[in-house]
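S.K.: First the structure, then my questions, so here it is.
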């Protein structure tokens, strides 16, 4: 395996380290227990992706010969199983914490969950344990950008789940969190499985804009609440 592939395994840990350093500097956080728990639960969530891949391999033997199968594999097996695992960790592990009172806090926890997930997932993708048997032509690029895409997906999920925390019924917000993160996760993966570089560029630009917009909106909502 190429050195560049091994180096890609460090992207998620580096992002986690930088985020922790920023939060400790910005908010003087004394305990990192909840953040560490978020990373661990995110890493454990990969089990659901492995199970989903294993079951579909038994049925199709990695034969994605038509667009319908490809779409099902990308958006349900890969994207939905990944995002529902992250959602479960966020919703049942951190939603009831007293500190979880705003979309900004939701984003923080969801991003760490997503980074924990990405840290393990990129290793599994690189060894072909999950994903398609035929690796992408741009597999190295996929491994480097997967954690960055996960950052955006974490922002989406955390923002909407955080919005749901402020309302009596968060069903719509929670559903939006799952749907949005699943759709954009699937779109990201679809760019590589179809080898559409133009779509990948537009998707990357869209991810960047969405990330900035959600973070700024979450900060604004937190300031208004205070």
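The values are calculated or read from the model by the stated rules, or taken from the named source; none is laboratory data. What you are looking at is a predicted structure, and each value in this text was computed from that prediction instead of being measured. No Cβ is skipped: glycine too gets one built from the backbone with ideal geometry, and neighbour counts run over all protein chains shown.
S.K.: Among the residues of the range 189-202, are any touching a residue at least 12 places away in the same chain (Cβ under 8 Å), more than 19 Å from residue 11 (Cβ to Cβ) and under 19 Å from the mean Cα position of the chain (by Cα)?
M.R.: So far as the range 189-202 goes, yes, one or more of its residues are touching a residue at least 12 places away in the same chain (Cβ under 8 Å), more than 19 Å from residue 11 (Cβ to Cβ) and under 19 Å from the mean Cα position of the chain (by Cα).
S.K.: Another question, then. Could you please let me know if residue 56 is buried (at least 17 other Cβ atoms within 10 Å of the Cβ), out of contact with any strand residue (DSSP E or B) (no Cβ under 8 Å at 6 or more places or on another chain), free of Cβ contacts under 8 Å to residues at least 40 places away in the same chain and within 18 Å of residue 193 (Cα to Cα)?
M.R.: For residue 56, the condition - buried (at least 17 other Cβ atoms within 10 Å of the Cβ), out of contact with any strand residue (DSSP E or B) (no Cβ under 8 Å at 6 or more places or on another chain), free of Cβ contacts under 8 Å to residues at least 40 places away in the same chain and within 18 Å of residue 193 (Cα to Cα) - is met.
S.K.: Hey, another quick one. Output the number of residues of the range 92-118 satisfying the condition of being surrounded by fewer than 24 Cβ atoms within 10 Å (Cβ to Cβ), under 21 Å from residue 50 (Cβ atoms) and touching a helix residue (DSSP H, G or I) at 6+ places or on another chain (Cβ under 8 Å).
M.R.: 1
S.K.: I've got another one for you. Quick test for you: out of 136, 192, pick the one residue that is under 24 Å from residue 64 (Cα atoms), in contact with a helix residue (DSSP H, G or I) (Cβ under 7 Å, 6 or more places away or on another chain) and outside any helix (DSSP H, G or I).
M.R.: 136
S.K.: Still on this structure, I have one more. Right, residue 92: assigned to a helix (DSSP H, G or I), over 25 Å from residue 191 (Cβ atoms) and out of contact with any strand residue (DSSP E or B) (no Cβ under 6 Å at 6 or more places or on another chain) or not?
M.R.: Answer is yes for this residue.
S.K.: Turning to a different aspect of this structure: So which residues in the range 45-73 are at pLDDT 95 or above and within 20 Å of residue 177 (Cα to Cα)?
M.R.: 45, 46, 48, 49
S.K.: Quick one: how many residues across the range 153-187 are touching a residue at least 60 places away in the same chain (Cβ under 8 Å) and outside any helix (DSSP H, G or I)?
M.R.: Final tally of qualifying residues: 1.
S.K.: When you scan the range 119-128, how many residues do you find that are out of contact with any helix residue (DSSP H, G or I) (no Cβ under 7 Å at 6 or more places or on another chain) and free of Cβ contacts under 8 Å to residues at least 24 places away in the same chain?
M.R.: 2
S.K.: Also: Identify, from the list 18, 7, 32, the residue that is under 23 Å from the mean Cα position of the chain (by Cα), surrounded by fewer than 19 Cβ atoms within 10 Å (Cβ to Cβ), at pLDDT below 90 and closer than 28 Å to residue 108 by Cβ.
M.R.: It is 32.
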